[in-house]
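Asks: Starting off with a structure, shown below.
The values are calculated or read from the model by the stated rules, or taken from the named source; none is laboratory data. Values in this document were obtained by computation on a predicted structure and should not be read as measured data. With ideal geometry, Cβ positions are generated from the backbone for all residues, glycine too; neighbour counts draw on all protein chains shown.
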Amino acid sequence: MRNRYLTLAALILSVAIFLLASCGYRRNEIILATTTSTYDTGLLDRIIPVFENETGYMVKPIAVGTGEALSMGRMGAADILFLHSKDSEEEFVRQGYGTQRRDVMYNDFIIVGPGTDSANIEGGQADAAFSAVFANQELFISRGDNSGTHMMEMSIWEKAGVEPEGIWYLETGQGAADTLMIADQKQAYTIIDRATYLVYSSDLSLVVLVEGDPMLFNPYGVVIVNPEKFEDIEINHQGALAFADFLTGQGREIIKGFGMERFARPLFYMEEG
């Protein structure tokens, strides 16, 4: 895996210093705070060069959990957010930190585990699966990082009426791919977005056990940071608007076809309208 993650404190400090030191210089640079799944799958590697070539903007992606990306937006350390926790994104806009949120694409979460499936969760609903993992005290690996995936996980535990804690429950504090690999090494259960699972599936023995539950729907959206929230930090609002327009316009064709060559299916599906 690429060595790409920094601690949040160092990351935000470096970005903040850069922003404060470069007023007037950042007209052509866009800082994009995004979830790890858009990075790990390679989607941004496909989208960003096309956007940069056609607009002249340069995009600097920073892949962190959704919670950390939202914190960056609240600090003015990003111009635009590309995430997958719709409720949190809409709250960010309601609080005035974002000028707008737009639907971009979607896929789904899946619950994976060892083929032996000792908790007997295969084919069930998400909350019933989590209840069974708890009842059997089977090892569950959580990101534990306030990411969109972690937020979804916690909502399922809440629906199941379970407070996840104990020796059977391990939090990694890592991104999607790293957490998936740890779960595979330990032959444990975990929840993951389908795109990340597919990208790494050839290296995994974990299998898909629960899918198709409407609760596991996973929408992605783009949020434009509000420049009026920051007096001393330059937010590249025009660049953010241009990138959002690209994602919901010309970029749709890239997203719709992404994954077809390798998996004979797209990794993401497009929101209509």
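Asks: Hey, any hits in the stretch 235-246 for a residue that's acidic (Asp, Glu), surrounded by fewer than 21 Cβ atoms within 10 Å (Cβ to Cβ) and at pLDDT 95 or above?
Replies: Yes, the conditions are met somewhere in the stretch 235-246.
Asks: Looking at 64, 104, which one is among the aliphatic types (A, V, I, L, M) and either farther than 17 Å from residue 244 by Cα or surrounded by fewer than 21 Cβ atoms within 10 Å (Cβ to Cβ) (or both)?
Replies: None of the other options fit; the residue is 64.
Asks: Out of all the residues in the stretch 263-273, which are without any contact (Cβ under 8 Å) to a residue 40 or more places away in the chain and surrounded by 12 or more Cβ atoms within 10 Å (Cβ to Cβ)?
Replies: Within the stretch 263-273, 266 is the sole residue that qualifies.
Asks: Report, by residue number, each residue of the stretch 147-163 that is in a loop (DSSP other than H, G, I, E, B) and buried (at least 20 other Cβ atoms within 10 Å of the Cβ).
Replies: Answer for the stretch 147-163, where residues must be in a loop (DSSP other than H, G, I, E, B) and buried (at least 20 other Cβ atoms within 10 Å of the Cβ): just 147.
Asks: Still on this model: Residue pairs, Cβ under 7 Å, 6 or more apart or interchain, first in the stretch 213-224 and closer than 22 Å to residue 92 by Cβ, second surrounded by fewer than 21 Cβ atoms within 10 Å (Cβ to Cβ) and aliphatic (A, V, I, L, M). List them.
Replies: 223/93; 224/241
Asks: Now for a different question. Working only within the stretch 165-203, note down all residues that are touching an Asp or Glu at 6+ places or on another chain (Cβ under 8 Å), surrounded by 16 or more Cβ atoms within 10 Å (Cβ to Cβ) and not in a helix (DSSP H, G or I).
Replies: Matches in the stretch 165-203: 172, 174, 175, 188, 189, 191, 193.
Asks: Kindly provide the set of residues from the stretch 183-203 that are without any contact (Cβ under 8 Å) to a residue 60 or more places away in the chain and either within 19 Å of residue 119 (Cα to Cα) or polar (S, T, N, Q) (or both), ordered by number.
Replies: 184, 185, 186, 201, 202
Asks: Report yes if some residue within the stretch 187-210 is charged (D, E, K, R), modelled with pLDDT of 95 or more and more than 15 Å from the chain's Cα centre (by Cα); otherwise report no.
Replies: Checking the stretch 187-210: not a single residue is charged (D, E, K, R), modelled with pLDDT of 95 or more and more than 15 Å from the chain's Cα centre (by Cα).
Asks: Considering only residues of the stretch 95-121 that are small (Gly, Ala, Ser) and more than 20 Å from the chain's Cα centre (by Cα), which is farthest from residue 135 (Cα to Cα)?
Replies: 96
Asks: Right, another one. Yes or no: the stretch 86-96 includes at least one residue that is in contact with a helix residue (DSSP H, G or I) (Cβ under 6 Å, 6 or more places away or on another chain), in a strand (DSSP E or B) and at pLDDT 95 or above.
Replies: no
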